1. Between C:Ala174, C:Ala193, which is at pLDDT below 95, away from ligand 2 (no atom under 16 Å from the Cβ) and either within 14 Å of chain A (Cβ to nearest Cβ) or part of a strand (DSSP E or B) (or both)?
2. For A:Ala369, indicate whether it is within 22 Å of A:Gly451 (Cβ to Cβ) and open to solvent by 10 Å² or more (accessible area, probe 1.4 Å).
3. Exactly one condition in (1) assigned to a loop (DSSP other than H, G, I, E, B); (2) of a type outside the set (D, E, K, R); (3) outside the structural domain of C:Ala97 (by TED's automatic domain parsing) is not met by C:Ile214; state its number.
4. Could you please tell me which pairs satisfy a Cβ distance under 7 Å, a separation of 6+ or placement on different chains, a first residue in region A:116-139 that is away from chain C (no Cβ under 14 Å), and a second residue that is among the hydroxyl-bearing types (Ser, Thr, Tyr)?
5. Suppose we filter A:Arg668, A:Arg685, A:Arg662, A:Arg642 for residues that are part of a helix (DSSP H, G or I), surrounded by fewer than 24 Cβ atoms within 10 Å (Cβ to Cβ) and in the same structural domain as A:Ala429 (by TED's automatic domain parsing); which single one remains?
6. Scan region B:38-59 residue by residue and report those that are within 12 Å of ligand 1 (Cβ to nearest atom) and either within 18 Å of B:Thr18 (Cβ to Cβ) or touching a strand residue (DSSP E or B) at 6+ places or on another chain (Cβ under 8 Å) (or both).
7. Consider C:Arg107 carefully, then state whether it is within 16 Å of ligand 2 (Cβ to nearest atom), within 14 Å of chain B (Cβ to nearest Cβ) and buried (at least 24 other Cβ atoms within 10 Å of the Cβ).
8. Condition (residue is at the interface with chain B (Cβ under 8 Å from one of its Cβ atoms), more than 20 Å from C:Asp142 (Cα to Cα) and assigned to a loop (DSSP other than H, G, I, E, B)) applied to region C:45-52: is it met by at least one residue?
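The values are calculated or read from the model by the stated rules, or taken from the named source; none is laboratory data. Since we're looking at a predicted model, the values are computed, not measured. Don't worry about glycine lacking a Cβ; one is built from the backbone with ideal geometry, like all the others, and counts go over all protein chains shown. Keep in mind that these areas ignore ligands, DNA and RNA; they rest on the heavy atoms of the full protein, side chains included. Shrake-Rupley method; radii C 1.70, N 1.55, O 1.52, S 1.80 Å.
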Amino acid sequence: MTLHAATDGWVGRPLRRVEDPRFLGGRASYLDDLRLPDLLHVAMLRSPHAHARLAAVDVREAAAMDGVAAVLTGEDVAGAMEPLRPLIPIPNPPRTYPLAVGKVRYVGEPVVALAARDRATAEDALERVRVEYEPLPAVVDPERALDPGAPRLFEEMESNALWRDVLTYGDVEGAFARAAHVVRERFTIHRYVSTPLETFGVMAQVEPGTGLVTIWSNDQRPGLTSGVVAAALGIPQSRLRLIAPDIGGGFGNKRKAPYLIVAAMLARATGRPVKYVEDRRESLAALCHAANGVIDIALALDADGRFLAVHVRDVVDEGCNLQNPTLHSLLKLSNIIGCYGIEAVRFEAAAVLTTKCPSGANRGIGKPAMCFALERIVDVAARRLGRDPAALRAANLIPASALPYRTPVGAIYDSGDYPETLRRALALAGYEGLRRTQATARAEGRLIGIGIAAAIEPSTSNLSSYMLATRRPGTSGVGEAALVRVELDGSVRVATGNVASGQGYPTAIAQIVADELGVAPSAVSVSPWFDSHENPWMFSSGSFSNKFSGTDTGAILGAARAVRDKLVTVAAHLLEAAPGDVVVRDGVLGVRGAPGRQVTVAEVATVAYRDLLALPPGMAGGLEARHYYVSPLADVPDADRRVAVQLTFSNSVHVAAVEVDRATGAVRIAKYAIVHDCGREINPRIVEAMVHGSTAHGIGATLLEEFVYDAEGQLLTTTFMDYLKPTALDVPPFEVVSLESPSPRTPLGAKGVGEGGAIPSLAAIANAVEDALAPLGVRVTALPLSPARLWEAMTRAGEGRGA
Amino acid sequence: MSVTGGAAVAGRHAIAITVNDVPRRATVAARTSLLDCLREEWALTGTHAGCEHGVCGACTVLLDGRPARACLTLAVQADGARVTTIEGLAEGDRLHPVQEGFWECHGLQCGFCTPGMVLTAVHLLETNPAPTEIEIREALAGNLCMCTGYQNIVAAVAWAAARLRERSATP
Amino acid sequence: MKPVDFDYVAPPVLEEAVAVLASAGEDGRVLAGGQSLIPLLNLRLVRPRLLVDLRRLTGLAGVRAAGDGVAIGAMTRQADAETAPLVRERAPLLAAALAHVGHPAIRFRGTVGGSLAHADPLAEVPAAALALDATLTLTGPDGVRRVAAEDFFQGFLATAAAPGEILTEIEIPACAGRGWAFVEFSRRHGDFALAGAAVVLALQDGRLGPASRIVVLGSADRCHRARAAEARLHGEPPTASVLDAAAAVADAGLEPASDVHGSAEYRRHLVRTMTARALGLAAARLAAP
Ligand SMILES: Cc1cc2nc3c(=O)[nH]c(=O)nc-3n(C[C@H](O)[C@H](O)[C@H](O)COP(=O)(O)OP(=O)(O)OC[C@H]3O[C@@H](n4cnc5c(N)ncnc54)[C@H](O)[C@@H]3O)c2cc1C
Ligand code: FES
Ligand code: FES
């Protein structure tokens, strides 16, 4: 392990981002900044009911309005397409469409879409649509949704259960039987979401004659979306051109094929381009939420406090999500043992439909909840055993010498030094000093607490892991695609199947390619946009599961190395040298030991594209390569259902110190220290910023953010006035130290960092708050830690009723 | 309806606003926000819509020199006003020191909040050339950033403050 | 998220504004800073036919001395009132309350009159006006009338202003020598308060006199005079036990509702807590003017 390994290449340097000036000057091109001649604007009528039968939908008056070009109902859409293709096959899949057909199943579900000359007119027209709803009982509580008598969302399904299974790894029974201590707790997981500042949007155009559909969207997973949209529109995928412009934040939330389909259908119906951009209310109610649910967790410990086994019963409230309904369940398997050497695991999974916004990908997907439950139960154990929570953790961390470490579930922890990460974090936070301050403060009646969370931050989802739920082959592994091209003048262009939304890919990619081709990063242009007709891509292309550092880099390196090989071969031919003697540096290819014998990259490129007869005989022209990288780390479930759900593993320890105001319940974060290790850092400046941003997401989720549904399934937090995001005053200054333990298993030794802080921060703050309230005996089992919730817990504890 | 604030043509109003020192005209419906007017009528798309109900600050412009939510200002209300948008800040390729600070300190990720943040910070530094960290955080608390966790934004503003002070110290 | 279609006028003189507004009846709305009205328009929660913008009525903006007190034009931007020397000197409670209103960008546009006329039960300016015993001037088709803040706020977003009446000025009487404080608790900086208290303490011969007022916000349909608490002050010396006794009943008569930000019980508790904090601060200012 080294601290910011010095390197003489570009990788590892904290360069400023090459892409920034256009954003700084207001010259970026986000989806809503794009316009086409004769553009129509779309608005959608959305369900005001959680659950209701659609008795009648009358759009005649709206359609007749001046300025309205086309109106689509659910019936129109259903008549024009096959049902939406879910990503994960489920038993008896119901037929669903981009607009509600027959029933509505959550507040905010689109019922009618129409296109008009401007958005205001479109919204005027929505007011003329008449819908008769016959309300049905809402299904709000995920556990009650599993009751046999519960109202069903889909009559054609046997129940509201999407997936139920029990996965057992190792001797769980034996471990609990011989345990000296078993600690249990039930945690309620709440709904929140990262709310990218730019909402989701789409612009669609249909070319007359060919029927080519061009869709611009800030969709983060074009590889997945393309197939779903083409199938719905009944066109070959080659006739669908998907373009992702600059994206104003994504965090996993931005994928919504149904909106793309609706937009394309309206473009078809009108013969004009159309644009749809969610407004904030629509986005909060209907884009996606991180799933809520309930986690019952039990941890078995031996007499010395060693963790023997963990048993998790996980009920996930997927809302009305039929697209990828096992997502929040499966991903928990990738951090279910955290950083600890726990050898036996039982995971009882239940993914449930309710009448709420469909759950979807959100920074960390399920892992923040898993880490919250595990790191909270460790604190519960420490208190039970009378051990310091730092010491109990230290005693159970997987030692560096045990890495690579195969977890009972089948993941391989690749690199890191978990005990050192903890030691450094405690030192950074000044843990001993904080404990002394706490003691003094407690004596004065102040409520100060310190919380620690040690986390595994897994990245790159292995799509084979879905076989655990589907037991069907067809989708497996994971990869990414890249194109590297040296232009005739020696400059370099790169395009990949991934889409950037603030992660600095253009800069990081330039650094990687610059090293491989021996040029400066400034000579490398990275396509800022994704274009399915230009960029190379595959099914797993796009921005998800933190896969850039550990996986996309393989594609970029593969393409760059192929180009480099050709550069060297051609240069060797031109210089009459052996390829093995050719060295590349600063845009020049020379011959080892023969100063002066050299050609520039531009000269080689000129040969490759223009002076074709100077190429080695028989060699094809061009200086370009594509690489479709397949992660060698991915596997398929074995007979014992072991599988690497995710493929590379960063780690971190967060230490938070908080003070709770006894009078108001307000939590103030007094200190926040982070030590993290994501392997080799391609650009440390970008890495650290990712740590800040992801941790802020966790802080928002822990202290402020919550989607609240009432018993009738009404969403009560529909604007930024009541869905509260953290401001510059709510996020504390972070102290961050990074360790670099290069992964032996990834192309550059780099591992994911994007989700990072969103995973441990919930637990760190919750642990700190419970520690602060320990004198009152308050237990923290639910988030967010709103002042009201804490005050009520303190009050109840004070009245001797417990929390 | 007798109408001032621009002549009305069938419920539409002729307005004139000086945007980034350029006089601009448009005929808009009364309900058109300054935000939509900038973006749709004049293609100044650097001013962003993040919530359209006044909370996020993505639409912040300087209206007669002071930060204002363009989503909570009707275009007709701005008739006759001076507006500065993010597009008007740099001089050619020379970034404003606040923009430079954001670049230097990596104060942006997706960039969607950046125009509003930058303009809010420009005004802060005009009125308070040496803000403390807390003053910076307070001044920016009406602008949401979903990406950065604010730390680098705060650093960027402090960096710009130092640069501006240096500049004014050297005649 | 676009408003319904409406028309717009920005009359250059008050009489015309009043006339236009009166003729529009229920369909007309005054537009001041727009910081409350425009979000409601964008969400289509308010659907006027006509907006009457007061922005050209330059006579309505500005701060002037009124006797030993201060008068503030309705169209004075909140930020300008907050920093006006006369306000800071003669109505420091109002300046302190204004500092809690939203964020600078909101206060540069939002007006003092707009905040009063909007009468949000959680708004700071109405609470300060009530605590300071302000008088509001309304100009309507039938002329000018003055209404005490006490009588102006009538319920959730409801005031004594009749349709067609425009709030033109707010006058705050002299309050030199009094102790004052504005304290609130909100989820985030700049948010509307969960609860708050605006307090004025006035000494008469070493005892708290009838001009001592406690106004609380956050638990009623409007800002609320905590009369039971005031009663505990009147005629008493400003000692800690007197202040505590007053704060303990600051929630008397309130029937807050439970909502996503907390239970009724919590809100009552916050009202008492904020009142206690405000009384403490105000008493300190009394002692050390
Ligand atoms: C993000 C955000 C945060 C905010 N936070 C707070 C806060 O913490 N505390 C707070 O108090 N406010 C807050 N506000 C509201 C803000 O203070 C408004 O400026 C104020 O409530 C209304 O003033 P305005 O001048 O903008 O009025 P407008 O929005 O123009 O009008 C509001 C209402 O009053 C009427 N009206 C306005 N002026 C007059 C007049 N002179 N005569 C008769 N009727 C009139 C209008 O017809 C309308 O019904 C916030 C607003 C936003 C967007
Ligand atoms: S878009 Fe104007 S404040 Fe959010
Ligand atoms: S950089 Fe994305 S919202 Fe601020």
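1. Only one candidate qualifies: C:Ala193.
2. Considered against the rule, which asks whether it is within 22 Å of A:Gly451 (Cβ to Cβ) and open to solvent by 10 Å² or more (accessible area, probe 1.4 Å), A:Ala369 comes out as yes.
3. So the condition that C:Ile214 fails would be (1).
4. That search, which allows pairs on different chains as well, returns A:Ala138/A:Thr355; A:Val139/A:Thr354; A:Val139/A:Thr355.
5. A:Arg685
6. B:Glu52, B:Gly54, B:Gly57, B:Cys59
7. yes
8. The answer is no, given that none of the residues of region C:45-52 is at the interface with chain B (Cβ under 8 Å from one of its Cβ atoms), more than 20 Å from C:Asp142 (Cα to Cα) and assigned to a loop (DSSP other than H, G, I, E, B).
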